[in-house]
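Before any comments, here is the structure.
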Amino acid sequence: MKNIVVFASGSGSNFQSIIDAIQTGKLHARITGLISNKEGIKALERASNNSIPTAILSVKDFNSIEEYSNTLLEQLFEWDADIIVLAGFLRKIPSSVIQAYQNRILNIHPSLLPKYGGKGFYGLNVHKAVIESGDTVSGCTIHLVSEKYDEGPILDQIEVPVLDNDTPEELAARILEKEHELYPIVISDYLKTLN
Ligand code: GAR
């Protein structure tokens, strides 16, 4: 069975969807740890409710990016990570981690990449931009993480209509529902391709 280490910065509803998929037998894997970059977030509570070990690692608590990266790598090694799943992790993954886990880091993004990706496009900012531009379709994307932010190879996407008078919050909620469906399926399919 493969080991997943999840990274999250917020509510962790995608993290929960992965936990649920494992518990219901839809995803054959184990989550060996959760890395968060801040205290007090709901994702940590979800980990604790499911006896998943956690580490809070924030770049600002380290003297250098090297020290931060080395600590991340040590933690990933300790948890024997086969893949890393970013579930609403709003910080850049250091290059040395991307290099050590090439093609082994998955991310979910709440737009149809390459649209509305890159710096500044996260959370509600994405949905505000979509609505302001008048797009009638948005969605979510799951992709492999490369050194170019939000530009790694796309594994799958789901389209979601943008409705007249949608608020960014309404659109976000509708897309989030699809994220919860798609992420566990894509993780499961991807794990099957690894030896
Ligand atoms: C999700 O919508 C995810 O796609 C987005 O953050 C939200 C986290 O929700 N990720 C990004 O914007 C990454 N650039 P969650 O904490 O409830 O899973």
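The values are calculated or read from the model by the stated rules, or taken from the named source; none is laboratory data. On a predicted model such as this, the values are computed, not experimentally measured, just so you know. Using ideal geometry, Cβ is built from the backbone for each residue, glycine included, and neighbour counts are taken over all protein chains shown. These area figures cover heavy atoms from the full protein model, side chains too; ligands, DNA and RNA do not enter into them. Shrake-Rupley method; radii C 1.70, N 1.55, O 1.52, S 1.80 Å.
Laid out as a table, the results:
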| item | result |
| --- | --- |
| Segment V59-T167, extension gain: residue separation times 0.36 nm, minus the distance between their alpha carbons | 35.5 nm |
| Carbon and sulfur %, accessible surface of the chain computed with the full protein complex present, 1.4 Å | 50 |
| Extension gain (nm, one decimal) between S51 and K115, 0.36 nm per residue minus Cα-Cα | 19.3 nm |
| Value of relative contact order over region 1-70, rounded to a whole percent, pairs C-alpha under 8 Å and six or more apart | 32 |
| Distance (nanometres) between label positions extended 7 Å along Cα→Cβ at T71 and K26 | 3.5 |
| Cleavage-rule hits, GluC sites (Glu not before Pro), region 67-139, DSSP coil, Cβ neighbours within 10 Å at most 14 | none |
| Translational D in µm²/s for the chain (Stokes-Einstein at 37 °C, 0.692 mPa s, Kirkwood Rh from C-alpha pairs) | 193 |
| Given charges at Cβ of Lys, Arg, Asp, Glu: region 153-195 dipole, positive-most of T167, Y190, Q157 | Y190 |
| Charge sum, other residues only, whose C-beta stays under 13 Å from L72's C-beta, Lys/Arg counted +1 and Asp/Glu -1 | -3 |
| Cα-based shape type of region 107-159, given that a ≥ b ≥ c are square roots of the gyration tensor eigenvalues and the cut on a/c is 1.5 | oblate |
| Ordering of 41-53, 100-112, 154-166 by burial proxy (mean other Cβ atoms within 10 Å per residue, highest first) | 100-112, 41-53, 154-166 |
| Unit charges at the beta carbon, dipole of the chain: most positive-side option, I56, T136, G40 | I56 |
| Proximal lysines relative to K2, as straight alpha-carbon distance under 30 Å, when same-chain residues fewer than 8 apart are discounted | K26, K38, K42, K92, K148, K178, K192 |
| The chain - mean residue ellipticity at 222 nm from DSSP helices (-39,500 (n - 2.57) per run, n ≥ 4, rounded to 500) | -12000 deg cm²/dmol |
| Among I18, L86, H127 - extreme Cα towards positive end, dipole of region 3-134, charges at beta-carbon | H127 |
| Average accessible surface area per residue within region 39-195, 1.4 Å rolling probe, Å² | 54 |
